[in-house]
Each structure stands twice: as C-alpha cells, then as structure tokens.
1. All but one of (1) in contact (Cβ under 8 Å) with a residue 24 or more places away in the chain; (2) exposed (fewer than 15 other Cβ atoms within 10 Å of the Cβ) hold for Arg52; which doesn't?
2. Which residue out of Arg67, Arg84 is more than 11 Å from the chain's Cα centre (by Cα), closer than 15 Å to Leu38 by Cβ and exposed (fewer than 14 other Cβ atoms within 10 Å of the Cβ)?
3. Which ones in the stretch 101-127 are among the polar types (S, T, N, Q), free of Cβ contacts under 8 Å to residues at least 24 places away in the same chain and either surrounded by 14 or more Cβ atoms within 10 Å (Cβ to Cβ) or part of a loop (DSSP other than H, G, I, E, B) (or both)?
4. If Gly57 meets every condition in (1) within 14 Å of Thr9 (Cα to Cα); (2) outside any helix (DSSP H, G or I); (3) touching a residue at least 40 places away in the same chain (Cβ under 8 Å) apart from one, which number is that one?
5. So if I check each of Asp99, Asp75, Asp28, which one is of a type in the set (Asp, Glu), modelled with pLDDT of 95 or more and farther than 23 Å from Tyr124 by Cα?
6. Contact list please: Cβ distance under 9 Å, first residue in the stretch 9-29 and among the β-branched types (Val, Ile, Thr), second residue part of a loop (DSSP other than H, G, I, E, B) and at pLDDT 95 or above, pairs at least six apart or on different chains.
Amino acid sequence: MRRRVLLDTGPLVALLDRGDRYHRWARDQFAEIEPPLLTCEAVIAESWYLLRRFPRGRDAILDLLSRNLVVIAFDLGAEIAAVRKLAARYASVPMSLADSCLVRMSELHSDSSIITLDSDFSVYRRHSRQIIPLLRP
C-alpha cells in the first residue's frame, strides 16, 4: 500500500512560483509523488492568497484541482471538535487553521505523510503522541 501525501501551503506555493527558493525541491518532490495529493480548503485559500501576484499561479491551483492531481479531502464541518482541540493544544505555536486541518487529516489517514516547509510540523503530534511523517527539504 502506498503512503498518502498530504499537501501543505509551502510546497504548493513553491511549486507554482518559479522565484521561490524551494521551487526546484518542490518540483522534484511533485515529480516523485504519485497523485493525488490530499489537502484541505484552508491550504488552498492560503496558497491562493500567497499567489495573488501570480494570476497564472492561481489558475494553476485550479488546474491541479480540476485534474485531480490535488484533491480536497477534508470536511471541516465534520471535524470541528477535533480541529478545535488541536488548535487549543498548540495555541502557543500558534497553529494555523490549515495546520490543524492537516494534522487532523494525518490522524484520519494513518498511512500518510505531510509535505511541508513549515518547521512547526516537527512539533505537532497526531493522536497527541505520534510523530507525523514529513517530507521536508
């Protein structure tokens, strides 16, 4: 069984912004990962905002979604209690909505790793104690 990959904002933006210092790393990672990458709407919203200067980047986000290379696989409405608990536990970090959704997704998909540039994921734990497998530069 292949490991599912959960997509964070940083690698998505780096992939689509050729000027990003992690662009080459992100491009290489995406070439190796078997699609689809799973994510949440909060990651898409953050990426959309960060790519506001790059209209082609925004369109590329929609293209990745329409081609099912990236799939939104999280229902925040159904997971509010768990997300709230995670946000409270990591309030001192502080944990973004996207981060809390991805940590919760890693709990729901125990065979997953998160592709990220965010060092906070080395602090976060799924199910309170388990280290989350990460793909990071």
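1. (1)
2. Working: Arg84 fails: closer than 15 Å to Leu38 by Cβ.
Sole residue among the options that is more than 11 Å from the chain's Cα centre (by Cα), closer than 15 Å to Leu38 by Cβ and exposed (fewer than 14 other Cβ atoms within 10 Å of the Cβ): Arg67.
3. Looking only at the stretch 101-127, we keep the residues that are among the polar types (S, T, N, Q), and these are 106, 110, 112-113, 116, 119, 122.
This time we only want the ones that are free of Cβ contacts under 8 Å to residues at least 24 places away in the same chain, so: 110, 119, 122.
The one that is among the polar types (S, T, N, Q), free of Cβ contacts under 8 Å to residues at least 24 places away in the same chain and either surrounded by 14 or more Cβ atoms within 10 Å (Cβ to Cβ) or part of a loop (DSSP other than H, G, I, E, B) (or both): Ser110.
4. (2)
5. On the way: Asp99 fails: farther than 23 Å from Tyr124 by Cα; Asp75 fails: farther than 23 Å from Tyr124 by Cα.
The unique qualifying residue is Asp28.
6. Going by the 9 Å Cβ cut-off, the qualifying pairs are Thr9/Ser96; Thr9/Thr116; Thr9/Leu117; Thr9/Asp118; Val13/Asp20; Val13/Tyr22; Val13/Leu51; Val13/Leu117.
The values are calculated or read from the model by the stated rules, or taken from the named source; none is laboratory data. Note that the structure is predicted; figures quoted are calculated from it, not measured. In this analysis, Cβ positions are derived from the backbone assuming ideal geometry, glycine residues included, and neighbour counts consider all displayed protein chains.
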